[in-house]
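Worksheet: one structure, shown below.
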Amino acid sequence: MEYKNIILKKEGKLALLTINRPKALNALNSETVTEINGALDEIAADDTVLAVIVTGSGKSFVAGADITEMKDFNSVEGRKFGRLGNKVFRKLENLEKPVIAAVNGFALGGGCELSLACDIRLASTKAKFGQPEVGLGITPGFGGTQRLARVVGLGMAKELIYTAKMIKADEAFRIGLVNGVYEPENLLEEAKKLANTIVANAPIAVRMSKVAINRGIQCDIDTATAYESEVFGECFSTEDQKEGMTAFVEKREKNFKNK
Ligand code: CAA
């Protein structure tokens, strides 16, 4: 598919999704959110893609939803835009492949929320995070009121959202919003290294782990652990389980086939 505001590139077993509207610091207008939706469908349908990296062009990751587009919205248009963002970011969160956000610069509002819909966040030393919405007279609208607290805890999420303040990468690391901070020139390589470490493992087991974690987090512990037992059992029907354990016993390299 052809895109105007994003770039979707394949590199071996990885898909690299770059938000590419650098003149507007990669702000998300509805066209860009719709393109991300299309890219996610492409990635989901491509069995050769085993992991995804999301990043931004230029000095920004994503500086939020597009304020120029939202400025004159009425409540019907606001709700429609919020639902679009939430639908697409939920699709990203539920994508059955691991997704790493390589946060190269501003990750504000919808940008912070985009990174939160990814499984893992890595940041460059130049990254800045924040939920500035209340300073614009709105609430976070693409999942920020829900996912930020799940990642950094209620107190920290409320402080960030109520104050609308921006934090630097080292503070984001300290509060557990990002898993690592790297020099800007190394960020993408580090994200690829992490993605390649993940894809060296059995893809079905990684995928099922993601589904079990995401489902379990919204259930009571009995339902969640019962679901874990189901997917754990299901793994024993895969060729890769036999390969992984046989290779261990035979003390040889594993050769996973995603089967
Ligand atoms: N929407 C639309 N345009 C944006 C934008 C946004 N979120 N963020 C930046 N831009 C545009 C600017 O208007 C500017 O355009 P022009 O060159 O045409 O004037 C261009 O990008 C460059 O921006 P700045 O000149 O402001 O760059 P800077 O380096 O001085 O400042 C910044 C960078 C601190 C990130 C500043 O641009 C900023 O504060 N941006 C807005 C951040 C924000 O409030 N995001 C939340 C949006 S609301 C939201 O996301 C709701 C939701 O939850 C879904």
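The values are calculated or read from the model by the stated rules, or taken from the named source; none is laboratory data. Quantities reported herein were computed from a predicted structural model and do not represent experimental measurements. Note that each Cβ is placed from the backbone with ideal geometry, even for glycine, and that neighbours are counted across all protein chains shown. Just the protein is used for accessible areas: all its heavy atoms, side chains included, with ligands, DNA and RNA removed. Shrake-Rupley method; radii C 1.70, N 1.55, O 1.52, S 1.80 Å.
Looking across LYS165, LYS158, one residue alone is out of contact with any Gly (no Cβ under 7 Å at 6 or more places or on another chain) and either within 19 Å of LEU16 (Cβ to Cβ) or assigned by TED's automatic domain parsing to the domain that holds LYS80 (or both). It is LYS158. Given the conditions (1) more than 10 Å from the ligand (Cβ to nearest atom); (2) more than 23 Å from LYS193 (Cβ to Cβ); (3) open to solvent by less than 50 Å² (accessible area, probe 1.4 Å), and given that ASN26 satisfies all but one, which numbered condition is not satisfied? Going through the list (1) more than 10 Å from the ligand (Cβ to nearest atom); (2) more than 23 Å from LYS193 (Cβ to Cβ); (3) open to solvent by less than 50 Å² (accessible area, probe 1.4 Å), ASN26 breaks only (1).
Identify, from the list LYS128, LYS80, the residue that is within 15 Å of the ligand (Cβ to nearest atom) and buried (at least 17 other Cβ atoms within 10 Å of the Cβ). Reasoning before the result, please.
Details: LYS80 fails: buried (at least 17 other Cβ atoms within 10 Å of the Cβ).
Answer to the selection: LYS128.
Can you name the residue in segment 94-125 that is in a helix (DSSP H, G or I) and within 15 Å of the ligand (Cβ to nearest atom) and is also surrounded by the most Cβ atoms within 10 Å (Cβ to Cβ) among such residues? Quick ask: steps written out before the conclusion?
Of all residues in segment 94-125, those in a helix (DSSP H, G or I) come to 94, 110-116.
In the following step, the residues that additionally are within 15 Å of the ligand (Cβ to nearest atom) were identified as 110-116.
Working: GLY110: 28, GLY111: 31, CYS112: 34, GLU113: 28, LEU114: 29, SER115: 30, LEU116: 26.
Among residues in segment 94-125 that are in a helix (DSSP H, G or I) and within 15 Å of the ligand (Cβ to nearest atom), the one surrounded by the most Cβ atoms within 10 Å (Cβ to Cβ) is CYS112.
Here LYS9 meets each of (1) touching a residue at least 12 places away in the same chain (Cβ under 8 Å); (2) part of a strand (DSSP E or B) with one exception, condition (1).
Taking the conditions exactly as written (over 20 Å from GLY56 (Cα atoms), surrounded by fewer than 24 Cβ atoms within 10 Å (Cβ to Cβ) and either of a type in the set (Ser, Thr, Tyr) or at pLDDT 95 or above (or both)), does GLY153 satisfy them or not?
Against the criterion (over 20 Å from GLY56 (Cα atoms), surrounded by fewer than 24 Cβ atoms within 10 Å (Cβ to Cβ) and either of a type in the set (Ser, Thr, Tyr) or at pLDDT 95 or above (or both)), GLY153 qualifies.
Checking each residue in segment 29-68 for being open to solvent by 10 Å² or more (accessible area, probe 1.4 Å), in contact (Cβ under 8 Å) with a residue 60 or more places away in the chain and within 16 Å of the ligand (Cβ to nearest atom) picks out LYS59, ALA65, ILE67. Exactly one residue out of VAL151, VAL99, VAL134 is in contact with a strand residue (DSSP E or B) (Cβ under 6 Å, 6 or more places away or on another chain) and outside the structural domain of ASN214 (by TED's automatic domain parsing), and it is VAL99. If only residues of segment 233-259 that are open to solvent by less than 100 Å² (accessible area, probe 1.4 Å) and in a loop (DSSP other than H, G, I, E, B) are counted, the one that is farthest from ALA202 (Cα to Cα) is ARG252.
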